[in-house]
Every structure is written in C-alpha cells, then in structure tokens.
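Engineer: Before I ask anything, let me first share the structure, which is written out below as structure tokens.
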Amino acid sequence: MINQWKDGQSPEDKDIQATLLEGGALPRHIAIIMDGNGRWAMDRNLPRAAGHQQGIESVRDIVKASSQLGIGFLTVYAFSMENWKRPRVEVQILMSLLKTYLLQEIDELHANNVRLQAIGKLNALPKNVQTILNESIEKTAGNTGLTLTLALSYSGRWDIVRAVQMIALDIRRGTLSPEDITDEHFSEYLLTKNMPDPDLMIRTSGEMRLSNFLLWESAYSEMYITERLWPDFRREDLYSALRDYLNRERRFGKTSQQLRESDEKEQQQGSIRRIISSFSSR
Ligand code: IPE
Ligand code: IPE
Ligand code: MG
C-alpha cells in the first residue's frame with residue numbers, strides 16, 4: 001500500500017498547518033540549501049555518509065509537509081557543481097544515495113501528485129543516475145501537485161553563463177535583438193524558467209552564504225538561516241521558517257507606507273467589486 005500523505009497526518013499537525021494557512025500567503029516557492037550533513041555525522045563520531053543518509057529522512061518529511069501545505073514549488077540543493085571537488089568516495093556515496101532515494105520514493109511521490117524535476121549540469125552525473133532520474137521525471141511529468149526540483153551538479157553562475165551563450169546564439173541567428181533582452185526575457189533562458197522565483201530561501205547549519213545557488217532567482221527571496229543541521233531539520237523547523245516568513249514585510253524597494261496604501265486601495269477596490277456583483281446578480 002502506498003502511503004497517501006493526506007491520510008496519515010496527526011490531528012495536531014493538521015491544526016498547525018491550518019493555522020499557518022490562515023496566517024497569510026505562504027511562499028509559492030521554497031528553496032533550501034541542505035547543509036550540515038558532515039557536521040551532524042562528526043558530532044556522533046560517524047562517517048560523513050551517515051549524515052547524508054540521515055539527511056534523506058529530512059528530505060522525506062519536508063517534501064511531505066510542503067505538499068500537505070499546498071506549496072507549489074520546493075527546490076532543494078542536493079549537489080553543487082563545486083561538490084565534484086569532494087573526495088571521490090564521498091561523491092560516489094552521494095550519487096548512490098541519490099539513486100536509492102529515487103528508486104525508493106518515486107512511487108510514493110507519484111501517488112501523491114508530486115512532479116519531479118532537476119536542474120543543473122545533469123549530463124555530468126553517472127549514466128545510471130541519469131537514467132533513473134529521467135525515468136522518474138517522465139513518470140511524474142503530468143502531476144499537478146508540488147513541483148519538487150532537485151538541484152544536481154548545479155551552479156547559479158553556470159546557468160547564467162549558459163543563458164548568455166544561448167542569447168548570443170539567438171542574436172547571431174537573427175531571432176533576437178539586444179534591445180529585447182529584459183529581466184523577464186533573460187529568465188526565460190534559465191533552467192528555472194517554468195518556476196516563480198523563490199519567495200523563501202532556507203539554509204541549514206548556520207552558514208551565511210548562497211554557495212552559488214539560484215543567484216539570479218534569489219534577488220528578492222526572504223532568507224532564513226537556522227543553526228539546525230540538515231539531518232535534524234524536520235517539519236517543525238519548516239513551520240518556524242514559515243511563521244517567520246509570514247511576519248516579514250516584503251517591500252521590493254518600496255516604503256512601508258506605500259505598501260499599506262496599496263493594500264488599502266486593493267481592499268477598497270475589492271469591496272466595490274463585491275457591491276457591483278451583488279447588484280448585477282439580483
Ligand atoms: C550538505 O552537507 C550536503 C552536500 C553538500 C552534498 P555537507 O556535506 O556540506 O555537510 P557539512 O557542511 O560538511 O557539515
Ligand atoms: C552547498 O553546501 C551545496 C549543497 C547544499 C548541495 P556546501 O557545503 O557545498 O557549501 P560550502 O562549500 O560550505 O559553501
Ligand atoms: Mg557543507
């Protein structure tokens with residue numbers, strides 16, 4: 001029997017999620033830099049691999065909770081392009097854990113309407129990982145729930161450079177003129193083109209850096225950094241991040257006063273629309 005996430009939830013957890021949902025607009029897109037697996041293992045005198053293994057439990061819980069909350073997009077940084085520089089054995093372990101995760105989870109993800117995607121230089125991954133990844137992506141391509149994106153062999157700068165190369169080719173072909181390149185147009189060339197920018201970016205293990213993750217897309221992301229190490233990060237920590245997010249004021253360069261005024265205007269327009277529609281339906 002495949003676990004249906006909606007059914008297996010405790011009443012307390014349902015209540016917490018309901019309160020969060022009533023608290024305001026939750027992020028449409030959450031991005032997570034899953035960091036601290038090695039330190040988690042070192043703290044326990046275990047090999048680093050044990051931290052990576054335990055980190056999978058965190059991925060499971062966060063994916064499930066995000067899906068239950070109706071979050072549209074969850075993007076997790078699982079392996080950076082720079083991570084290829086790690087010892088060969090660690091890279092091998094990470095690749096084999098990725099394979100195991102996909103093989104073990106894909107049916108449950110599919111049964112829960114999750115659409116799997118991947119961003120990064122995927123052809124750098126071992127062939128057998130590529131095969132399983134492609135099969136998993138294809139299998140879930142038609143799903144309409146949470147879009148779970150794995151950033152694998154990913155580098156934000158690499159994606160930006162790739163976009164510039166494709167733009168240059170289009171200009172050479174004559175299908176694009178330099179004047180037409182806007183922010184929006186540029187985004188269309190990135191691997192993240194079919195997702196909104198992350199509203200919330202979480203990093204575990206206390207590190208205060210982006211480490212080359214979603215450089216373009218995070219321009220206005222709200223940052224949430226927690227000391228919690230990734231293998232210890234569970235849904236309660238996600239809820240704390242979301243509560244924090246709900247209390248933030250996203251100003252996008254404007255002043256607080258401007259935001260209040262445009263809120264009031266929207267409310268007024270909303271009530272005018274309601275009055276008009278109540279008259280027209282009489
Ligand atoms: C994150 O944990 C996982 C990957 C980068 C693949 P780390 O392995 O970076 O853990 P720390 O930072 O050494 O504790
Ligand atoms: C960032 O973590 C990459 C992932 C979480 C996959 P790192 O542990 O590789 O980052 P740095 O090297 O400390 O910046
Ligand atoms: Mg690290």
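The values are calculated or read from the model by the stated rules, or taken from the named source; none is laboratory data. Please read all numbers here as calculations on a predicted model, not as lab measurements. Cβ sites come from the backbone with ideal geometry, for glycine too, and all protein chains shown count toward neighbours. What goes into the accessible areas is simple: the full protein's heavy atoms, side chains included, and nothing from ligands, DNA or RNA. Shrake-Rupley method; radii C 1.70, N 1.55, O 1.52, S 1.80 Å.
Engineer: Quick one: if you stick a label point 7 Å off each Cα along the C-beta vector at LEU210 and LEU46, how many nm between them?
Structural biologist: In this crude spin-label approximation the distance works out to 3.3 nm.
Engineer: So what's the net charge close to ILE56: Lys and Arg +1, Asp and Glu -1, counting the other residues with Cβ under 12 Å from its Cβ?
Structural biologist: Surrounding charge for ILE56 is -1.
Engineer: With +1 on each Lys and Arg Cβ and -1 on each Asp and Glu Cβ, and nothing else charged, work out how big the dipole of the stretch 27-248 is about its Cα centre, in Debye to the nearest 20.
Structural biologist: My answer is approximately 680 debye.
Engineer: How large is the Kirkwood hydrodynamic radius of the stretch 136-272, counting all unique pairs of alpha carbons, in Å?
Structural biologist: Every distinct Cα pair counted, the radius reaches 18.4 Å.
Engineer: I've got another one for you. Quick check on the chain: helices-only [θ] at 222 nm, where DSSP H runs of length 4 and up contribute -39,500 (n - 2.57) each and the sum goes over total residues. Nearest 500, please.
Structural biologist: One gets -16000 deg cm²/dmol as the mean residue ellipticity at 222 nm.
Engineer: Give me the percent of the accessible area of the stretch 193-271 that comes from carbon and sulfur atoms, probe 1.4 Å, all protein chains in place.
Structural biologist: Of all accessible area on the stretch 193-271, carbon and sulfur atoms account for 43 percent.
Engineer: In the stretch 162-240, which GluC sites (Glu not before Pro) fall in coil by DSSP and have 16 or fewer other Cβ atoms within 10 Å?
Structural biologist: GLU188, GLU207, GLU227
Engineer: Separate question: Which whole-number value in Å² is the accessible area per residue of the stretch 1-131, probe 1.4 Å?
Structural biologist: Per residue, the stretch 1-131 has 50 Å² of solvent-accessible surface.
Engineer: Normalised radius of gyration for the stretch 1-102, please: alpha carbon Rg relative to 2.2 N^0.38 Å, two decimal places.
Structural biologist: Taking N as the residue count of the stretch 1-102, the ratio is 1.28.
Engineer: Dividing the convex hull volume of the alpha carbon atoms of the chain by its residue count, what do you get in Å³ per residue?
Structural biologist: Considering the Cα atoms of the chain, their hull volume per residue is 198 Å³.
Engineer: Take the Cβ-Cβ distance between VAL91 and LEU259 as r, set R0 to 51 Å, and report the resulting FRET efficiency rounded to the nearest 0.05.
Structural biologist: Efficiency, from the Cβ-Cβ distance: 0.65.
Engineer: So how far apart, in nm, are the two label points at GLU179 and VAL164 if each is 7 Å from Cα heading toward Cβ?
Structural biologist: Here the answer is 2.4 nm between the modelled labels.
Engineer: I've got another one for you. Taking θ as phi - 60°, what are the ³J(HN,Hα) couplings along the stretch 59-69 by the Karplus curve (6.51, -1.76, 1.60), each to the nearest whole Hz, with x for Gly and Pro?
Structural biologist: 4, 3, 5, 6, 4, 4, 5, 5, 5, 4, 7
Engineer: Would you mind checking the pairs LYS193/LYS265; LYS99/LYS127; LYS64/LYS139; LYS99/LYS139; LYS6/LYS64 and listing those with alpha carbons more than 21 angstrom apart?
Structural biologist: Long pairs (Cα-Cα over 21 Å): LYS193/LYS265.
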